[in-house]
Each structure stands twice: as C-alpha cells, then as structure tokens.
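Engineer: So that we are looking at the same thing, I have put the structure below in structure tokens.
The values are calculated or read from the model by the stated rules, or taken from the named source; none is laboratory data. Being a predicted model, the structure only gives us computed values, none of them experimental. All Cβ positions, even for glycine, are placed from backbone atoms using ideal geometry, and neighbour counts span all protein chains on display. Accessible surface areas use protein heavy atoms only, side chains included; no ligands, DNA or RNA. Shrake-Rupley method; radii C 1.70, N 1.55, O 1.52, S 1.80 Å.
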2 protein chains.
Amino acid sequence: MTDFLKLAVPGVQKLAPYQPGKPIEELEREYGVHNAAKLASNENPLGPSPQAISAMASSAKDVWLYPDGNGFELKQKLSSKLGVSPDMITLGNGSSDILQFIMQVFVTSDSEVIFSQHSFAIYPILTQMMGATSVVPAAKEWGYDLEAILAAITDKTRIIFIANPNNPTGTWLTEAEIASFLARVPEQVIVVLDEAYFEYAIDPATEASGYPDGLQWLEKYPNLLISRTFSKVYGLAGVRVGYGISHPQLTNLMNRVRPPFNVNSIALVGAAASLDDEEHLARSVATNAAGLKQLMRGFDEMGLGYIPSAANFISVDVGREAAPIYDALLYEGIIVRPVANYQMPNHLRVTVGTEIQNSAILTALKKVLA
Amino acid sequence: MTDFLKLAVPGVQKLAPYQPGKPIEELEREYGVHNAAKLASNENPLGPSPQAISAMASSAKDVWLYPDGNGFELKQKLSSKLGVSPDMITLGNGSSDILQFIMQVFVTSDSEVIFSQHSFAIYPILTQMMGATSVVPAAKEWGYDLEAILAAITDKTRIIFIANPNNPTGTWLTEAEIASFLARVPEQVIVVLDEAYFEYAIDPATEASGYPDGLQWLEKYPNLLISRTFSKVYGLAGVRVGYGISHPQLTNLMNRVRPPFNVNSIALVGAAASLDDEEHLARSVATNAAGLKQLMRGFDEMGLGYIPSAANFISVDVGREAAPIYDALLYEGIIVRPVANYQMPNHLRVTVGTEIQNSAILTALKKVLA
C-alpha cells in the first residue's frame, strides 16, 4: 500500500494535534468516577446566560437552514458594542479559527512565526501545519519578554502572537508595554493580540493593574489583529464562536479563507443573546475574581507557589513532577490541566470554578499531595 | 499603509469566496417581501428529526463545556450504522471541512487538483486557496466524463473530486462506471467521492438507476475518501456536521489538521439523535421523490428542459439568460440558485420543497416567464 504519510505535505508529516482537556464523560467512562468536576479548559462554571440558553433552545427547530454566512445580526451587535464597523469583524468557529485564518493568509513554508515560551499550544501547532518555522524567545518570570520578541524579528517574520493575558501562565502585559512594543514592530509584520480572557483581565477586581483594551491601537496599527471569544466568560465553548477585529483590508483577506458557514446558526443566536445579558457577564467576572482569591488563599495555606493570574485560571507549582498529581486528582473526580508540554512540568493549570468546586480541588490537592 | 494584499500568499491574492444562497432574512430585509421561500441551498424542507430538535434544545444548557473533540458518541453510532471502525471516521464542521482537510494534507502550490466542469464550487475555491492548479475536464451531457478525467491525471495530480450525485447538475455515476474508474486511478492519487446527496440518490424511488454506495470500495482502495453530511436529508445544515470515511492512515492524517473542536456540542447531539430516527429519514426521502416528480411534471407542462436529477434539487433550463428570472423570482418571495458561475447561464437550480413550495415556484416561474 502507498505510504500516505510520505505523500503528505512536510508540515503535516510532523504534526501532532492539540491535546484537549479530558472531557467529563471520558473520565467517567474510563475511571468509573461520578459527578466529576472539570477545571481543565477554562470554561465558565456559571454556564451561559440564561437568555442565551433560551434563545439557542428555541432556535434548534430552525437549523434545517444554512447559517447566515455573513453573521449579519451578530456583527451588527458586536459593531455597536465595540464601536468598530462590521467590515472590521471576522467571525470564527471559536477564536482559534481566527488564528488559523491569519496564518492561511500570510504564512508559507518560508515564513517565521514568533510567540513566547509558555504560550498557547495552538500557535506552534498552526505554525507546524503551515510548514513554517516557530521562533520562540524565552519567557521572563513566566511572562513575555517583549524585548526578546522584538529582537527575534527577521525579514521572514510574518506573524507575532501575543496572548494577553497569556494562557497557561495567566500573566499579562500592561498598556505601556504593548504601546511601546507595537510602535517598534515593522508595519508589514502582523501582530495578533489574543484577548481570549479579556473580560476577566479588564475587571478592576483582578490584580491585573494596567491591563489594556487592545481596541485602542486598531486605528494606528493596520497590522494589528485582535481576537476574542465567546468560549470563556460568555460560557459558549460548546457552540464555537469567536471573532477577530482588524483593519478592513486585513478583515477582507481573512474572510477570503473563512469557510462560508464556519459559525453555526445556534452559535450566532447564542452569542447575540449573550451580549444583551450584562448582568450575567458581571456575575461571571465577580465569581471569578472571588474564586481566584479563594484558590490563592488555599495555595498559600498549603505553601504552594503559583503564578499571579489575570484570567479565569491559575497555574500552581506542586513542587514536584505534576503528572502523577494530575493522575491522582482524576481518581478524585477532578480534571485539571497538566502543562508539561508548556515546559512547566511542576505546574498544574487550574480553572477557577464555583466556590464549591474551588474547595473541592483544594481539598483533593491537599489529600493527593499528603 | 502597507498593502497587505501584496503580502498575502499567492493563492489568497486571487481568491474570491464562495457565494452562498441568499438567506431568507436578507431577502426580506432588502426586498421587503414576507413569508419568503428559500429553495436555494438544498435544505430539507421537513426540517430535522423532531427527536434531534428536542435533543439539541435540551443540550443548549450544556454548551459552557467544550465539545468532545473526539466525537466519541457520534463516531460510535456512525461506526455501527456504516460498518466501519471509528478510526476510519473524520468529523467535519460540515462536509466542506472534510474537503478542506484532505487538501491541507496533500496539496501544495505545485499540485494539480482535478474536478469536472459544472461541479461543486468549493472544489476550485479550495484549490485556489492552496495556490494549486485546477484541472477541469469538460463535462459530457452535464455529467462527468470519467475518461477525460483519467486522461488529465499527471505526476502532479494529488486529488480528484467526484461528486455523486453532482451538484448543481444532479447527474450521477453508476456502480460500474465508478468501479472501472477507481481501478484505473494511480494509487497515490486521492479520490474524494463526495456523497453529500447519497441518501436521496440511493432511494429506489428516484430514477438514479445503478447508483452505488461508495463504502463498498473502501477496503480495496486506500486512496478513497468518502464524504457525507448531515446538512441535506438530515436537515441539520445550520449546526454544521459532516464526516469523512477513509482508510485509517488517511483518517489519521486528516485528524492532524482538523481543529480540535471543529464540531460543536449541539451538532454532535443532533446528528447522533438523527441517526436514530429512520422514520423521519424515510419520510424526507419520499417527500423528495414525490417533489422531484411534481417539479418535472410542471417543467414539462411549461415546455422547459431540465437535467434529470438523483438529488433533492433540479436544474431547469429557462431558455434564456437566467439572471433576470432569478431576480424576478426574488420579488415573488422565492429564492432559487443562479448557476451562471457553473457555466450554466440559462439554468436555475431549484431545491425540491414541500408540495406547496413546489407549486409556488412553478406558479411564480410561469408568471415571471410570461
């Protein structure tokens, strides 16, 4: 038989897919535990807005029709909420779609793509898929070393990914840091400012002092793409909807490679309804701020180090190889995220849950570490 | 300002996105008509299975969790229904996702991709996006000329797309024709057998005599990929779910480029529930067979030619340039599909609707042509 692996394009020959957090059903199926808690994928433990649930449930009967490929209504709502014109918005099947589109537009096998050590796993996967070269400057105290990133730019650099706050470290860059960085990036290099956790970080109740709204730089820098998502604070991870905001010319190029019906009808309805429920958003952000404090207090009491976070997760240093701790927590019915693949072998990334879930993970961690 | 179009990869510089059928809301917004009927995108006018609607509505509250990236339950169901192992199944955000994955795995800017004249618009768009070369043998009486396709194969050919039945012509290839074709394709060239309309064509009540189930060839031809969808007869176009069936090695390669959460949770639930409702499937197929006959009778009475179809649509020859007829039908509140971009300037593609919708399009067409 033909060896199809050898016929595959070079990028795909060496490509290992993204490893998602373990789904609850899979844990229950494989480990025989019940009522498991998943604190592994930075989902909103309060779920989506009740208004969104109700709008999505009502729309189930309408799904025989293809979605509106232009996402007219959702783009209108985003446009008026964010104060950008609809031709600056690209809708994605999750914001990872947006990250892939920008790669498809600009990256070839000759390109270099820059992102920091300890940053989101999708960046190197997409780079590998395109057969391009990942350039990965070392992090500084778990966060981005922007000077090192600037120094790594070459003629082949097409895209720089900056996650703010960063996943899985939770670290953030300030307004002054990003402003100075953008001013020094050559104008033909695209900067993707990945703001998946924006709504958490911008909350004054977190400790992310100086955390900026990236939209302020769009007018000045046409090479800037901001990506955001409904998967995190809006609680819509399961229906897949994210968006990019960029100069109309960039947006036009991204919409050329966007599959015509990438965002499904139920997601369009759910996301639009979510934007109307500011109370649920505020409650979700407040629950997170309180939960972060609860977890930090718990870690402090156990004498465990952690990385201060501006997001809805926190990476805790268990003081030894974390993989066996991850496994032991599974038997306790708790799924967290091992981050050895992020060169953080002693850390576990814990999503902030409800007060009860946060207590449960702290209790389980105490038991497992004892 | 930097001209980002010039920085884009060559394929994207010349890429024009797919033009979907006009959404009903858009027609009503722009033309001021009400109660419009969309017979433009080959959707199932009976909608999804009631069991699927109810399962999807109930699952709306669960969408705060990411989907199961492996689609465990849906793959299990497909596996037992189709008699193939789960490691031969790739799930897509619609079957167009499957078509894109196979391109991403094998096609570079040096490659050639073959498909027939008058075949599905996504094939040339994906080829252009990859910067590859489309090779498009002429059709024969609106259908595929398999001899011409075989003759077009070169050392650079990576993929051949065969839609059976074909969209937008509705023409089909027989078991004997495909068997002989597959035997003559070099084993390193991938054949994509696009069976989006399979369930309609396999129905003995259509006139698609000799129409085959492509699964029979999977064991013999590891270079064969079959794609199917829940968007057509299953009435789930709005939630986006399709699948590919292929040798495990091909399937493994496609799953490398598949985004980890490409199929959303509600789609996974809806598709699985749909597979349980064989009665709704049978009713949908029977409604289509009756509707096709109704439309053909109507066209016959009006003296209009049409292409015999094995699918849930039919392309009618209006005997003159079809674009103004399409426009006039919009004012009558009926959306059909102009197919001039398929080199069929005098045809309109009409989706088979309910009996009432079929009467409405026949009446409107009579009025508009008069």
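Engineer: With every protein chain present, what is the per residue accessible area of the range A:50-277 (1.4 Å probe, Å²)?
Structural biologist: 31 Å²
Engineer: Per 5 Å bin, what is the whole-percent P(r) computed from every C-alpha pair distance within the range B:192-277?
Structural biologist: Here the calculated profile for the range B:192-277 is 3, 13, 20, 21, 21, 15, 5, 2, 0.
Engineer: Follow-up. Using a simple spin-label model with points 7 Å from Cα along the Cα→Cβ vector, what separation in nm is obtained for B:A340 and B:Q76?
Structural biologist: About 5.2 nm, to one decimal.
Engineer: What ranking, highest mean first, results for peptides A:79-88, A:120-129 when packing means the other Cβ atoms within 10 Å averaged over each residue?
Structural biologist: A:120-129, A:79-88
Engineer: Each residue of the range B:156-173 in turn: what ³J(HN,Hα) in whole Hz from Karplus with 6.51, -1.76, 1.60 and θ = phi - 60°, glycine and Pro shown as x?
Structural biologist: Computed from phi, the couplings for the range B:156-173 are 8, 5, 10, 9, 10, 9, 10, 8, 9, x, 8, 10, x, 8, x, 5, 9, 9 Hz.
Engineer: I've got another one for you. I need the per residue convex hull volume for chain B, using only the alpha carbons, in cubic angstrom as a whole number.
Structural biologist: 158 Å³
Engineer: With θ taken as phi - 60° and the coefficients 6.51, -1.76 and 1.60, list the Karplus ³J(HN,Hα) couplings across the range A:257-270 in order, rounded to whole Hz; mark glycine and proline as x.
Structural biologist: Working through the residues one at a time gives 8, 5, x, x, 10, 5, 9, 6, 4, 5, 5, 4, 5, x Hz.
Engineer: Can you list the distances in nanometres, one decimal and ascending, from the B:S54 label point to the identical position in each other copy, with the point 7 Å along Cα to Cβ?
Structural biologist: Those separations, rounded to one decimal, come out as 2.3 nm.
Engineer: Still on this structure, please answer the following. Of A:L268, A:L99, A:L182, which is the most mobile in a GNM of chain A whose springs link Cα atoms less than 10 angstrom apart?
Structural biologist: Answer for the Gaussian network model of chain A: A:L182.
Engineer: Using helices alone, I'd like the mean residue ellipticity at 222 nm for chain B: each DSSP H run of four-plus residues gives -39500 (n - 2.57), total over residue count, nearest 500.
Structural biologist: -11500 deg cm²/dmol
Engineer: How many square angstrom of accessible surface are buried between A and B, both sides summed, with a 1.4 Å probe and rounding to 100?
Structural biologist: Using a 1.4 Å probe, the pair buries roughly 6400 Å².
Engineer: Okay, next question. Based on the Cβ-Cβ distance of B:S85 and B:E279, what FRET efficiency does E = 1/(1 + (r/R0)^6) give at R0 = 30 Å, to the nearest 0.05?
Structural biologist: That pair, B:S85 with B:E279, gives E of 0.60.
Engineer: Any idea how far the Cα center of the range A:272-317 sits from the one of the range B:44-77, in Å?
Structural biologist: Rounded to whole Å, the Cα centres lie 30 Å apart.
Engineer: Sum up the charges of everything whose Cβ sits under 14 Å from the Cβ of A:L348, counting Lys and Arg as +1 and Asp and Glu as -1, but leave A:L348 out.
Structural biologist: +2
Engineer: Taking every residue in B:101-107, how many Cβ atoms of other protein chains lie within 10 Å of its Cβ, on average?
Structural biologist: Taking the mean over all residues of the peptide, I get 4.
Engineer: Among the DSSP beta bridges whose two residues both lie in chain A, what percent are antiparallel, rounded to the nearest 5?
Structural biologist: 55 percent
Engineer: Here's a follow-up. When Lys and Arg each count +1 and Asp and Glu each count -1, what net charge do the other residues less than 14 Å away from A:K81, Cβ to Cβ, add up to?
Structural biologist: Net local charge, A:K81 excluded: -3.
Engineer: In bins 10 Å wide, starting from 0, what share of all Cα pairs of the protein assembly as shown does each bin hold, as a percent?
Structural biologist: Reading the bins upward from 0: 3, 14, 24, 26, 19, 10, 4, 1, 0.
Engineer: Then there is this: Of B:P20, B:P204, B:P45, which is the most mobile in a GNM of chain B whose springs link Cα atoms less than 10 angstrom apart?
Structural biologist: Most flexible of the set in this elastic network: B:P20.
Engineer: Pop out the carbon and sulfur fraction of the accessible area of chain B as a percent, whole number, probe 1.4 Å.
Structural biologist: 52 percent
Engineer: Rank B:A311, B:A196, B:A328 by mean-square fluctuation in a GNM of chain B with C-alpha springs under 10 angstrom and give only the top-ranked residue.
Structural biologist: Evaluated over chain B, the most mobile residue of the options is B:A328.
Engineer: Through the Karplus equation 6.51 cos²θ - 1.76 cosθ + 1.60, θ set to phi - 60°, convert the phi angles of the range B:356-370 into ³J(HN,Hα) values in whole Hz; use x for Gly and Pro.
Structural biologist: Residue by residue, the range B:356-370 yields 5, 5, 4, 4, 5, 5, 5, 4, 5, 5, 4, 4, 5, 6, 6 Hz.
Engineer: Please compute, for peptide A:14-23, the average count of beta-carbon atoms on other protein chains lying within 10 Å of each residue's beta-carbon.
Structural biologist: Shielding by partners across A:14-23 averages 4.
Engineer: What residues from the range B:286-311 fall in the zone where the backbone N is under 18 Å from a label point 7 Å along the Cα-to-C-beta line of B:K140?
Structural biologist: B:308
Engineer: Classify the range B:126-258: rounded, prolate or oblate, from the alpha-carbon gyration tensor (a ≥ b ≥ c, eigenvalue square roots; a/c under 1.5 rounded; otherwise prolate if a/b is larger than b/c)?
Structural biologist: rounded
Engineer: Between A:G92 and residues 5 or more places away or on another chain, which pairs have amide H atoms under 5 Å apart, with H built 1.01 Å from N, and which residues are they?
Structural biologist: A:G242, A:Y243, A:G244
Engineer: Which pairs break 27 Å Cα to Cα here: A:K77/A:K232; A:K232/B:K38; A:K77/A:K293; A:K14/B:K156?
Structural biologist: Flagged as over cut-off: A:K232/B:K38; A:K77/A:K293.
Engineer: Quick check on the protein assembly as shown: of the DSSP beta bridges with both residues there, what percent are antiparallel, nearest 5%?
Structural biologist: 55 percent
Engineer: A follow-up question, please. Residue by residue through B:230-239, how many Cβ atoms from other chains fall within 10 Å of the Cβ on average?
Structural biologist: Average per residue, whole number: 5.
Engineer: Let me ask something else about it. How much accessible area does B:E147 have with a 1.4 Å probe, in Å² rounded to the nearest 10?
Structural biologist: Rounded to the nearest 10, the figure is 100 Å².
Engineer: Label the range A:264-327 by shape, choosing from rounded, prolate and oblate, from the square roots a ≥ b ≥ c of the eigenvalues of the Cα gyration tensor; if a/c is under 1.5 it is rounded, and otherwise prolate applies when a/b is larger than b/c, oblate when it is not.
Structural biologist: Oblate is the answer for the range A:264-327, as a/c is 1.5 or above yet b/c matches or exceeds a/b.
Engineer: B:S111: net charge of surrounding residues, Cβ under 11 Å, Lys/Arg +1, Asp/Glu -1, itself excluded?
Structural biologist: Its environment carries a net charge of -1.
Engineer: Only bridges whose two residues both fall in the range B:73-230 count here: according to DSSP, what percent of them are antiparallel, nearest 5?
Structural biologist: The antiparallel proportion sits near 5 percent.
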